[in-house]
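Derivation of every value follows stated rules applied to the coordinates shown; laboratory data play no part. On a predicted model such as this, the values are computed, not experimentally measured, just so you know. Using ideal geometry, Cβ is built from the backbone for each residue, glycine included, and neighbour counts are taken over all protein chains shown.
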Amino acid sequence: MERYPAVFRPLRIGGVTLRNRILVPAHTTNYGEDNLPSDRHLAYHRARAAGGAALIIFEGIRVHRSSLGRRQGVNGYERAAIPRFARIAQAVQAEGARLFGQVIHLGRHIDGNFARMPAWSASAVPWSPTAPPPHPMTEAEIEQVIAAHGEVAANLVEAGLDGIELTMAHGHLLQQFLSPAVNRRSDAWGGSEENRLRLALECLRRVRGVVGGRAAVGLRVSADEFLEGGLTLPDMQRIVARLCAEVAVDFVNVSHSAYHGSYTISTQMADMGFAADAFHHLPRGIASALRDSGRDVPVFAVCRFRSVAEAEAMLADGAIAMVGMARAHIAEPALVRRAAEGREEEGRPCLSCNQGCAGFLAQSLAITCLANPRAGREAEWPEPPQPAAQRKRILVLGGGPAGMEAAIQAARRGHEVELWEAREELGGALAWTERHPALRGEMAKLLDWQRGALARAGVRLRLGRHADTAAVRAAGPDAVVLALGAEPAAAAFPGGGRGMTMEQALAAPDALPDRVAVQDVLGSFAVAGFVEWLAGTGRRVTVIAPTGTPGWQVNIYSSFAWRQRLRAAGARILALQAVQAWEGPGHATLTDLSTGEVRACDDFDAIVAPAHGLPRDSLAAELRAAMPELSLHLAGDCAAPRSALEAIFEGHEIGRSL
Ligand SMILES: Cc1cc2nc3c(=O)[nH]c(=O)nc-3n(C[C@H](O)[C@H](O)[C@H](O)COP(=O)(O)O)c2cc1C
Ligand code: SF4
C-alpha cells in the first residue's frame, strides 16, 4: 500500500465513502437473462468487489423499451429487476465495495428489430453508413425518456445501489442530442448548444430530483467525440461546467468517443495500437475547467490503465479523483488487492487485445477474456480452484498458451504436472510477439504471466523434450493433455505457386524484399497484427483481400483505428481480388472477384498468404491406438486451429477438469 499512496486513500462522493481510488467502469457483459440482471452478474461483480476495487459501476441499464436491442442487455424499468439488483448490491457491499448503476438510453444504434420498432434518436442520422436512419423523437417520446431515466434511477436506489451514473458518453442518446454532428433539429431540442444540451440537463434534473440525497449522482461524458463536426474538449469543458452549475453533480467520469461507424469507435476501448496515455489530457482538461468554474467535483479518468502503478501516476498530483480500469478488471478481478499485498505479478495482465471482451460484445455474446478464461464463469470456476480428490500424474505436451494454461490449472488443483516442449522455449505461436515487439507486443505479457504461474504452481518443465508414444508410455501418466498447436500453412494459388507463411516471413524479416503482398483470407487479429508489423518495417505493403474486408474478424472497437494506421503506413488494399498465380518476384496474376477479370500484376516481389494451420494431431491418433485406456485431452490448435483465445480457454477448462 505504501507504494501507492495516492491510490490507497479513501474518497467521499456524495454521501458515499470509497475505500480507495480505483473503480470498475460500466462495461456491458451480455450476462443479462431476459433483459434482467443474472446470477452470472452477481458472481462476476462479487469477485471484483472481493478483489479490492472501491467502486463498481454496473453496465448500461436500459431505461426504456426503445433502448433494449437484445435479450442479454439489462433493463431497470421492470419491477422484477429490483430484487435482482438488490442481491448484487448486497454482494458487492458485503465485500467492502460500492455499487453504482449506469442509466442509459442507447438511441440510434440499437437493433430496433428486437423490440419491433425503429431506433430512436435526435434526428434521422444513422450511426453508420450501413445502418437505417433512426426515428427522430417526438416531444412526447422525449418526455417519456426523461421520465424513464427518473423511474429507473428510483428503482436502482430502491434496490440499494449507492449511486447513479447518467451516461451522456460514447455516442448514446443524450450525446446524440448534444452533438452537432447528429442533432439536426430546429425545435427546442436542437440548434443552439443550449437546446442540444436540454435533454441531458432534463434527465440529470429528473434523476437528481428522484434520488435526492439518498445516493450519489454523477455523469459520464465523452470529452472528445473524435468525429468530424462533433464535440471537442473545449465544448465539453463548457458543457460539463454548465451541467454542474445547474444540478448538484457528485462526480464526472470522463471518457471519449462516439458510437459512430468510423475511427472514433475504436478509441472508446483503445487497444494496444494506441499509446497508453493517449487520452489522459481529456480528464485533466475537464478537471481544470471545473476548477476554473469554482466547482470541486471529483473527476474520474479511464482508458488503458493496465496497472495500479499507472493509476498511481495519474492520481499523484491530486487533479484526478479516481481511475477507472474496466478491461484490467475483466482480466484480473483481484487487481487492487494484489497491489495492496505487493503481489501484482500474480495478477493476469490485460493485453489491450479487444479479442474476448470487445470482440464478444460486438457479436452480442457473453463477454470473456483472452487472458482470463474465468471471466464470466466465477461461480462455476472458484478461485483458487477446488483441490483434486485424488492426486494424479499429468503430462502436458506442448508449451504454447494452451499447454501452459492446462498445466497451471492442473497443478493448482494439486496434481503432479510435467510439461514437455520440443523447443527450447515456451510460448508456441505467441512467442513471435516476444521476438518482435512491434507484432502485437502486449500479447507477450501473457507469456510472462504464464511462465511465472507455472513456476508458482510447481509444474516440472522439460524443454527440448520431444514426445512420442514410447516416451509417453514410459512416463506412465494418469492423463495426457495434448497442446501441440498447428503447423503454419500458406495458401497454394489455383493457377500455380504458393505464398509464404507468416512464420517464414517473421523468421527472416531481413530476407523480405521491399515490396510485399499479404493475401488476407483469414481476417484474424493475428494476420492484422502481421500486416501492421510488416508495414511498420517500412516496406511497401499490398493487402489483397478476397473477402472484400482485410481483418474481417477484427471487431469495430479495433478495426477502424487499425485501418487508419495501415493507411498512415502507406499500405494499399486490393479488395475483392485474389492471387490466381505466383511465378516469382514481380510476376503475379490477380483475379478480380467481382468481374472475373484476370490481370498480370508486378507490384510486389513476395507474397505472404496465411492459411489455417494444420493441427499437429498425429500423436493423438497414435496414442489412442497404442494406449486406448489413456485419459487423453486435446486443447487449442491441435484440436482445431483458431486463436489464442480459444486455446487458453480450452487449456484452462481441461486443467480444471482433471
Ligand atoms: C466489453 C466492454 C463493454 C463496455 N460497456 C460499456 C457500457 O455499458 N457503458 C459504458 O459507459 N462504457 C462501456 N465500456 C467502456 C468502458 O467503461 C471503458 O471506458 C473502456 O473499456 C476503456 O477503459 P479500460 O481501458 O479500462 O477498459 C465497455 C467496455 C468494454 C471492454
Ligand atoms: S480480452 Fe484482451 S483486452 Fe479484453 S480484458 Fe481480456 S486481455 Fe484485456
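A helix-only calculation puts the chain at -9500 deg cm²/dmol for mean residue ellipticity at 222 nm, using -39500 (n - 2.57) for each DSSP H run of at least four residues, averaged over all residues.
Label separation (residue 625 vs residue 448): 4.5 nm, computed from points 7 Å beyond Cα along the C-beta direction. The C-alpha atoms of the chain define a longest principal axis, and helix 556-568 lies at about 70 degrees to it.
Maximal additional length on extending the residue 116-residue 319 stretch stands at 68.5 nm, based on 0.36 nm per residue less the C-alpha distance.
Of the GluC sites (Glu not before Pro) found in segment 553-631, the ones in coil according to DSSP and having at most 15 other Cβ atoms within 10 Å of their Cβ are 583, 597, 629.
Within segment 139-166, whose backbone N sits under 20 Å from a point 7 Å along Cα→Cβ of residue 86? Counting backbone N atoms under 20 Å from the label point, the list is 151-164.
Judged by the mean number of other Cβ atoms found within 10 Å, the most tightly packed of the peptides 202-213, 460-471 leads the ranking 202-213, 460-471. Once the Cα-Cα distance is subtracted from the 0.36 nm per residue extended length, the residue 474 to residue 228 segment shows a gain of 81.9 nm. The listed peptides 453-459, 501-507, ordered by packing as a protection proxy, come out as 501-507, 453-459 (highest mean of other Cβ atoms within 10 Å first).
Residues in segment 132-149, backbone N under 20 Å from the label point at residue 158 (7 Å along the Cα-to-beta-carbon vector): list them, ranges by number please. Only 144-149 pass the distance filter.
Axis angle, to the nearest 10 degrees, between helix 81-94 and the longest C-alpha principal axis of the chain: 70 degrees. Given their separation in residues at 0.36 nm each and the Cα-Cα distance between them, residue 70 and residue 466 gain 137.6 nm when the chain is fully extended. By how many degrees, between 0 and 90 and to the nearest 10, does the Cα long axis of helix 281-292 differ from the longest principal axis of the chain? With rounding to tens, the tilt is 20 degrees.
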